[in-house]
Every structure is written in C-alpha cells, then in structure tokens.
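Notes follow the structure.
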Amino acid sequence: MSLFYSRQPSPKLNGERTSPSSVGLLEPIDRTLTSRKFLLNGERWSGGGWRTMASIVYCMAQFLVAVPDAVLGPTLLALGHQISCRDSGEICPEMLEAIGWNRTGAAISVLLAWLLSQFLNGHYSLAMGFAMISASFLICPFSTTPYQIHVSFFFIGIGKGLASLNSTALMVALRQGNKQKLRKWVNLLSIFWGLGSISTPLLVSLTTLKDFRLSFFSVGIMCLSLSLVVFYVRFKVPDRKHPPSTFRISRQRLSSCRAYVIMVLGYLFAFVAVGVEFNIVAYITPYIESLKIGSNTTGNFITSSYSFAFMLGRIISGYLELQGVSPLVILDSCMLVATLLAALVSMYPTSMSVIWLGAVGWGMFLSPSWPCTLIILRQTGPLSELMVQMFIFAIYCGQWTLDLIMDRIIQEFGTKALTYGLSCALLSALLIVITISVVYHSRPSAVSNSPKTSKSPAAKMKIMKRRALTIP
C-alpha cells in the first residue's frame with residue numbers, strides 16, 4: 001500500500017470552527033512525495049537493511065584503509081632489494097623517498113576529495129580510491145626502478161586518503177539523524193581501522209615466508225572487490241547533503257581570540273603528534289631489520305602489538321571521556337608518557353625489550369591524539385566541514401614533513417638516530433599541548449568582564465544575525 005495516514009492540523013491553530021465529528025479525521029497523504037522530500041533533504045531514510053549494509057561497507061573500507069601502511073612498512077627492504085638498492089645495513093634512501101611520495105599523495109588527496117565532492121557522489125570517490133590502491137598494489141611487485149616504485153607509492157597515498165575521507169564522510173551523512181547511533185558507528189570505524197592494522201602485519205609475516213608479492217596481490221584483490229561493492233551500494237543509498245558551514249562562535253566562555261589561538265595550536269598539534277602516530281607503523285620493521293636486531297617476522301609482530309595497543313587506547317580514552325575526564329588532561333598525560341618512552345628507546349636503541357615496551361606504549365598513549373584534539377576544537381566553537389578537512393590536511397602534511405626529516409636524519413647519522421628524531425617530535429607535541437592547556441584555562445582579562453564592556457543578550461543576538469547574513 002503506497003499511502004499512509006497522519007492527522008490534520010489542529011483547527012484551533014487555523015482559527016476555523018468545525019464540528020466535533022470532523023476533528024481528528026485521518027487524511028491519506030501521498031507517501032512518494034514525503035519520501036522524496038526526505039531523500040532530497042537527507043533528514044530521514046527508511047532504507048531497511050541497506051542502511052546497515054552500507055554502514056558495514058564503510059567499516060570494511062576503514063579496515064582496508066589501514067592495510068597499505070601495514071603492508072608497505074614490513075616489505076620496504078624487500079622492495080629495495082628488488083630495485084637493486086645497496087645493502088649497507090641502513091634503510092634504502094630510494095625507499096625513504098618512496099614513503100615521502102606516499103605521504104605527498106595522501107596530502108593531495110584531501111584537496112582532491114574536496115574538489116570531487118563538489119560534483120561527484122562520495123561513493124564514486126570511495127570506489128575510485130580503492131581502485132587506485134588495487135592497481136598500484138598489483139603493479140608495485142613488478143617494479144624494477146625507483147621511479148616506478150615512487151609512482152606506485154604516490155597513487156597508493158592518494159587512494160588511501162580518498163578512501164579514508166569518503167568512508168568517514170559517508171558514515172556521518174548516513175547516521176547524522178541519530179547521535180547515539182552516529183557515535184556508535186564512528187567508534188566502529190576506529191575499531192575496524194585497528195583490526196586492519198593488527199591483522200595485516202600477521203598476513204605479511206605468513207606470505208613473506210614464500211614470496212612477499214603474495215601480500216601485495218591479496219591487498220589488490222581485496223581493494224578491487226570492495227570498490228565493486230561500493231559501486232553497488234551507491235545505487236541503494238540516497239545522496240546526502242552535508243550540514244552547512246557556520247561562522248565560528250566561541251563557547252565555554254572563551255573569547256574569540258583565545259578560540260582561534262586554540263584552533264591554530266590544535267592544527268599544529270595534529271601536524272606533529274598525529275603525524276607521528278601514523279608514521280611509526282611504517283618504521284618499526286625496517287628499523288629492526290636494518291639494525292639486524294630481529295627478523296622481519298619479529299618486526300611484524302611488534303607492529304601488530306603497536307596497532308592492538310592503539311585500538312585499546314582509543315577504547316580506554318573514549319571511556320574516560322564518557323566518565324567526565326577532560327580531554328586536555330588525557331592529552332597532557334599521554335604525551336608526557338609517550339615522550340618519556342621515546343627518550344628510553346633513544347637510550348637503549350638496540351634492546352628488543354625496550355623496543356617492545358616503546359611500541360606498545362606509543363600505541364596506547366598516542367591513540368587519543370586524534371579524537372581528543374577534535375573534541376577540544378569542538379568545545380571552542382562549531383566545526384565546519386572545511387575545518388575538519390583542514391585538520392586532516394594538517395595530519396597528512398605532518399606525515400610528509402616528518403618523513404622528510406627522518407630521511408635526512410637516517411642519511412646523515414644512520415638508522416639509530418631515528419629514535420632521536422622521534423623524541424624531538426614528541427617533545428614538540430608535548431610543549432604544544434601544554435600551551436593549549438594554558439591558553440584554555442587562562443582567565444579572561446578584567447576589562448572583558450567589566451559591566452561597561454559586556455554586551456546585553458539582545459546586542460549579542462544582533463551580532464550573531466549580522467554574522468549569519470555575511471556567510472556566503
């Protein structure tokens with residue numbers, strides 16, 4: 001039956017006099033028109049099982065987003081030998097440049113995702129990203145020159161960025177009508193990302209016993225299969241509109257200047273700290289193999305331990321936030337412990353027990369960086385879609401810059417100096433988050449609290465309306 005019923009508007013609101021018998025009658029309404037309205041506005045969609053199916057597909061997309069870094073790191077030395085890279089006990093310079101190209105592609109993907117979102121459905125961009133990853137992973141094992149490796153890594157970075165951004169955006173658009181379910185599914189995205197980071201190094205350990213190319217072929221086939229599934233899901237899920245960008249209005253009794261200072265410092269913290277947490281995965285196994293203190297399998301198990309601790313840290317930090325612990329307190333404590341662990345690894349760079357402790361500790365204490373920073377920025381004012389994209393762009397730029405710095409450190413001082421660069425990066429992140437805490441908790445000046453300069457609610461409302469009119 002294509003009709004459903006709803007009550008008429010109350011006759012008292014229309015000022016009409018009707019007989020008691022006519023009040024409360026049910027009138028048939030065209031279901032197609034109402035459903036069409038919901039589809040266009042993106043406010044409601046009763047898609048049945050396809051809503052859940054689409055959410056699972058987005059979670060699987062996050063699972064595969066974590067796979068490229070977890071595969072490229074453990075196979076870095078094998079790819080270097082394939083292109084006749086010299087075996088000098090250090091990480092191959094050509095492969096370090098390949099990692100830099102990978103981070104460059106990830107940074108460019110943020111701008112590309114924004115451009116594609118202006119005229120292309122997000123499902124097409126998501127499928128395009130996985131198609132790039134699949135093609136690059138199928139071509140990379142047959143590359144015999146550094147140029148071919150660099151091109152493959154570059155397109156892997158672009159595909160990974162497109163997949164990560166669009167899977168998150170599509171999940172938010174699909175579940176934005178229910179905040180409780182939105183929080184649950186967004187947390188599932190992080191959990192699936194962690195599962196991908198944990199299981200992939202173990203897969204690499206099993207496949208590299210025979211041929212490292214098997215791991216590349218497996219990832220290429222999985223990404224290609226998921227891109228086809230995304231194409232199919234696109235026709236089952238309606239288009240969604242993102243909430244419009246709003247003017248930044250300060251909250252928590254913060255002045256506009258302090259809110260912008262915290263926002264800039266938050267971007268800078270994401271540039272340093274969140275960039276470090278994603279780069280560690282790519283360096284653990286090459287570090288252990290180049291110093292000959294462990295095998296490839298050992299490095300892969302340590303990488304999996306880091307990823308498991310990372311996922312566990314996300315869960316614990318989320319629980320602490322629900323219990324009312326301030327995200328600034330979480331960040332200050334975690335960054336202090338992570339910096340101390342980096343100093344400990346720098347003192348004992350060849351001790352396997354210390355490396356195990358450092359990897360697990362970094363995964364545990366660096367994991368709250370992303371969500372806690374976004375919560376702090378959200379507390380200072382509303383976050384527009386452009387601001388979130390700039391936040392992710394800062395993260396990818398931080399990865400790219402850190403790779404360039406680590407490349408120079410390894411070439412000048414050797415692989416052992418990698419831990420010193422990591423310690424400096426984490427110390428810088430600690431100083432930034434301490435500065436954020438000082439600015440956030442600093443008291444406003446007496447002039448701003450005086451009765452002469454305080455504005456009435458009516459004046460504040462006029463200012464807000466004037467600002468709203470200036471929004472393009």
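The values are calculated or read from the model by the stated rules, or taken from the named source; none is laboratory data. Quick caveat, the model's predicted, so the values are computed rather than measured. Cβ atoms come from the backbone with ideal geometry, glycine included; neighbour counts cover every protein chain shown. Calculation scope for accessible area: heavy atoms of the full protein, side chains included, ligands and nucleic acids excluded. Shrake-Rupley method; radii C 1.70, N 1.55, O 1.52, S 1.80 Å.
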- Criterion: among the hydroxyl-bearing types (Ser, Thr, Tyr), modelled with pLDDT of 80 or more and farther than 25 Å from residue 338 by Cα - qualifying residue of 225, 205: 225
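Confirm whether residue 422 is modelled with pLDDT under 90 and aliphatic (A, V, I, L, M). So that I can check it myself, show each step before the final result.
Numbers: modelled with pLDDT under 90: yes; aliphatic (A, V, I, L, M): yes.
So residue 422 fits the description; yes.
Which one of 135, 127, 61 is modelled with pLDDT of 85 or more, of a type outside the set (Ser, Thr, Tyr) and touching a Lys or Arg at 6+ places or on another chain (Cβ under 8 Å)?
Numbers: 135 fails: touching a Lys or Arg at 6+ places or on another chain (Cβ under 8 Å); 61 fails: touching a Lys or Arg at 6+ places or on another chain (Cβ under 8 Å).
Every option except 127 fails the conditions.
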- Please specify each residue of region 401-416 satisfying the condition of being modelled with pLDDT of 80 or more and surrounded by 17 or more Cβ atoms within 10 Å (Cβ to Cβ). 401, 402, 406, 409
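Go through 432, 355 for me and flag whichever is in contact with a Leu (Cβ under 6 Å, 6 or more places away or on another chain), buried (at least 16 other Cβ atoms within 10 Å of the Cβ) and modelled with pLDDT of 85 or more. So that I can check it myself, show each step before the final result.
Details: 355 fails: in contact with a Leu (Cβ under 6 Å, 6 or more places away or on another chain).
Every option except 432 fails the conditions.
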- Task: For region 120-135, enumerate the residues that are assigned to a helix (DSSP H, G or I) and open to solvent by 10 Å² or more (accessible area, probe 1.4 Å).
- Result: 122, 124, 128, 131, 132, 135
- Among the residues of region 253-273, is there at least one that is among the hydroxyl-bearing types (Ser, Thr, Tyr), outside any helix (DSSP H, G or I) and modelled with pLDDT under 80? yes
